[in-house]
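What follows is one structure encoded as structure tokens, with my remarks underneath.
Nothing in this text is a laboratory measurement; each read-out follows from the coordinates by a stated rule. Not measured: the values here are computed from a predicted model. No Cβ is skipped: glycine too gets one built from the backbone with ideal geometry, and neighbour counts run over all protein chains shown.
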């Protein structure tokens, strides 16, 4: 599986309140959540983001609330993968459980700039920066988590679906 | 291999002799929790995956607390969906307007959590119950759905940071000041993926409410869970609230920790976390130039009876400063009733405060006290992220109830020891 898109870059400690403010948590509708994605940190994000685009961020991405609405809004906005130095643990779980691709790579975060066109190969964890002509490596997932991803999320994994 | 307290609880619930940090395990759950925001997503997933029955009607709690009493039509629809699901599946511990409370104050009060339990909740502050010697942690809605269906959850066994407490708190200081100081010291990802294990001789001087407040904010340091050694106070609390038979786990003497941090409680001062991260901590005494528009005393962090008592002592015979709105939210119906019985409500109203029925409301910028552009609040809540309580340019300062109440009276942030006897 591969993803390719233009990069939107953010700093450290991007919290779930700025990813999807609580005033929009009165709905679970994916498209509506997507229309407010990143609203309190980058008001124009939802209108600028294109299908396949990539979020690159610093440490502790997704800290704060357990709201699954956060990874849902990112996924539904068309973002193909989030690359960060580290993820907050509940966000990490939620992303895997709902099938939003995430990768940890300090190297990639250090070298990728906003607007770069980046390609990710999930099979070997390589991150290719087409704009700069560089390649970075992501930390591979443990096999247990890879299995959840391959089965299309946690509920498929436990219910024997797909 | 020697184990920490958390590792022992996880091993017991996984049915294995021992576990090591990094092991991926499947554990049996004693309680699965959700609220009116996270449960609808879980219910959708549960039904989409084709599950027909919950694993145990007595081991699921659904608490309508975030946008309840319903703040708008959409919120009402979400609560309705939870109500229908709970009715259909015979969920015993379903709490709605009239008998609800803020979930993390309510579950301990109802005796639904006890030492040695494993609890997951689709709310990040589920880590609160570590105060009672349980392993409890926040998860998302999909994990909640899986937990409701199977009674199990997967975990990566965490390593731990040990906090050795000694001494006792000075007057005017509380558990909130301790946990804010700790987060200020280790940072918002200082305990990422780890357990924060609290013990030592100083632990016994902390009230159970102080411990609940501290464990509540373990997530604000990125931790998987916060957990306290069980002592006489824990057991007395659980007995008083009708919790079941406790199962006490103790860390092995030679358990390995990533780090051991000594905390002298007597050195803790009233502490405030400035915008926009809980790690931006400063002594309250250094922030007297910060004028406030609003004060909120409540939440799953500090809406307990002892918090109300502290506020009532400060507001008795005093008045909220001109131009400041002060919103007080007892965390459960029981606490609300006790506040009325003890005359606290009258004190609050005489002091010019708003007193609300239990709700998470303003803490997450939901309702009941949203901030306008550039407004400043001091709040006993747990997060001060950008836009957390309202407008994206508003600011939240996190503090203890002591500091918040005194600041409401003064109109600016103030060290409570200046006013308290």
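For the reader, a short list of remarks on this structure follows.
- Stokes-Einstein diffusion for the protein assembly as shown, with the hydrodynamic radius set to the Kirkwood value over Cα pairs and evaluated at 25 °C in a medium of 0.890 mPa s, equals 103 µm²/s.
- From helices alone, chain A scores -7500 deg cm²/dmol at 222 nm; the rule is -39500 (n - 2.57) for each run of n ≥ 4 DSSP H residues, then divide by the residue total.
- Residue order, fewest to most beta carbons within 10 Å, for A:103, B:235: B:235, A:103
- Cα extents of region B:372-421 along the three principal axes, largest first (Å): 38, 19, 10
- From the C-alpha gyration tensor of chain A, square roots of 5λ in Å: 22, 20, 14
- Computed over region A:46-118: relative contact order in percent, which uses C-alpha pairs under 8 Å that are six or more apart: 35
- Only Cα pairs under 8 Å and 6+ residues apart enter the sum, and on that basis the relative contact order of chain A stands at 23 percent.
- Per residue, the convex hull volume that the Cα atoms of region B:256-297 enclose (Å³): 134
- For region B:130-187, the alpha-carbon radius of gyration amounts to 1.60 times the rule-of-thumb value 2.2 N^0.38 Å expected for a compact globular protein.
- Residue order, fewest to most beta carbons within 10 Å, for B:279, B:47: B:47, B:279
- Bridge orientation summary for chain A: considering DSSP beta bridges with both residues in this region, about 50 percent are antiparallel.
- Our compactness index for region A:92-162, the C-alpha radius of gyration over the empirical 2.2 N^0.38 Å, is 1.27.
- DSSP-defined antiparallel bridges as percent of all bridges, chain B, nearest 5: 20
- Prolate/oblate/rounded label for chain B (Cα gyration tensor, a/c 1.5): oblate
- Kirkwood-Stokes translational diffusion coefficient of region B:305-394, alpha-carbon pairs, 10 °C, 1.306 mPa s, µm²/s: 116
- Region B:266-421, relative contact order in percent, only Cα pairs under 8 angstrom and at least six apart counted: 33
- Beta bridges per DSSP with both ends in region B:274-421, % antiparallel, nearest 5: 5
- Size descriptor, Kirkwood hydrodynamic radius, that averages inverse alpha-carbon separations across region B:191-277, Å: 14.8
- Neighbour counts of other Cβ atoms within 10 Å put B:124, B:18 in the fewest-to-most order B:18, B:124.
- Taking only the C-alpha atoms of region A:45-139, Rg followed by Dmax gives 12.6, 37 Å.
- Pair residue B:349, residue A:123: separation of 7 Å Cα→Cβ label points (nm): 7.1
- For A:94-100, mean number of other protein chain Cβ atoms within 10 Å: 3
- Once you reduce region B:1-45 and region B:194-271 to the center of their Cα atoms, the two points are 18 Å from each other.
- Inter-part distance, region B:286-363 to region A:6-71, computed on C-alpha centroids, equals 33 Å.
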